[in-house]
Amino acid sequence: MKKLLALLIGLFLLVATANNFISAESPKERLDKQILVILDSQATLIVKDFEERLCKMSDEEMLKDGLTKEEIKKVKIFCSLPKERKKEIILNKLITAEIERKRICLLSKFITSQVSPMSSSGTYSCDYQLPRRVIHATGIPTHSKLGAIPCSWTDPTPQLCKEEGEIACLWGCTNADPKLGWKKRAFNTLNDFVEEVTSKGYHKTAKYAAYGSYGYDYTRGIGYGYRYESWWNKNTKMGYSEGPEPNPEANWYGFSHGFWPELTFLWHDTC
């Protein structure tokens with residue numbers, strides 16, 4: 001009986017949390033139960049990633065990713081939170097991203113963001129306007145900071161995807177990963193592809209961040225909340241490589257600087 005009561009309370013809180021982020025002005029903005037279940041499942045996977053991978057990183061690894069010593073202290077506070085509290089924080093962020101994605105689809109246009117001047121450290125800040133609040137993202141790396149000059153864009157999606165701050169405050173490129181040395185290459189099998197990319201520092205992209213290509217999509221994090229992506233197409237037997245782009249996997253830098261997951265997920269929805 002206690003377990004049933006706890007489950008009912010949990011479901012009530014989940015819906016209540018979602019409603020806090022939903023505008024009452026339009027019923028189309030409401031998230032249905034199926035979407036909430038999916039987001040809840042994603043939040044569970046993300047928290048597991050935090051606890052099993054990110055919370056075990058050393059200070060040196062986090063410094064290499066771009067965090068300051070003060071930010072590392074805040075990271076450790078987050079890691080000390082109970083699993084339920086971590087999940088609540090992540091779920092709220094996922095709900096925010098989903099509602100904003102639906103709003104963009106309804107309006108059929110991108111929302112303008114306010115970008116601050118580039119700093120001497122090669123980063124910029126950006127304010128992204130939401131229906132009820134503003135997401136203030138800081139320390140977003142520039143093209144030059146990540147060595148992405150020139151920044152090519154060959155995908156059949158808006159060229160704005162490569163412009164700093166234009167879509168969800170972020171940017172990305174379709175450059176080949178210099179560590180791999182190729183943008184497109186034939187592989188006889190998935191194993192051949194995996195052996196090649198893992199030898200260059202890639203790992204299998206987490207399921208929640210693989211956009212339906214789990215097991216075929218691989219990530220090489222390069223710090224500052226960005227990554228290079230490589231994937232294998234089983235039909236063409238071709239491997240592909242591109243980046244840098246916002247890293248959709250859980251990462252301390254993007255999380256600490258306010259652009260992961262909400263803005264990162266919104267950028268990937270469009271680009």
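The values are calculated or read from the model by the stated rules, or taken from the named source; none is laboratory data. No experiment lies behind these values; they were computed from the predicted model shown. Areas reflect the complete protein model, heavy atoms only, side chains present, ligands, DNA and RNA absent. Shrake-Rupley method; radii C 1.70, N 1.55, O 1.52, S 1.80 Å.
Things to note:
- Candidate lysines for bridging to Lys69, where Cα separation is under 23 Å - those fewer than 8 sequence places away on the same chain excluded: Lys56, Lys86, Lys145
- Helix 2-19 axis, angle to the chain major axis (alpha carbon atoms, nearest 10°): 70
- Note on the chain: GNM, Cα springs under 10 Å; of Arg53, Arg133, Arg227, the largest mean-square fluctuation is that of Arg133.
- Span per principal axis, largest first, for the Cα atoms of region 185-228 (Å): 33, 23, 14
- Against the main long axis of the alpha-carbon atoms of the chain, helix 33-52 sits at an angle near 60°.
- Option label - Rg/Rh (Cα atoms, Kirkwood Rh) computed here, alternatives (1) 1.35; (2) 0.97; (3) 0.95: (2)
- Cα-Cα over 23 Å, subset of Lys76/Lys102; Lys162/Lys204; Lys179/Lys237: Lys76/Lys102; Lys162/Lys204
- Between the helical axis of 69-80 and the longest alpha-carbon principal axis of the chain there is an angle of about 50 degrees.
- Within the accessible surface of region 118-271, defined with a 1.4 Å probe on protein heavy atoms only, the carbon and sulfur portion equals 49 percent.
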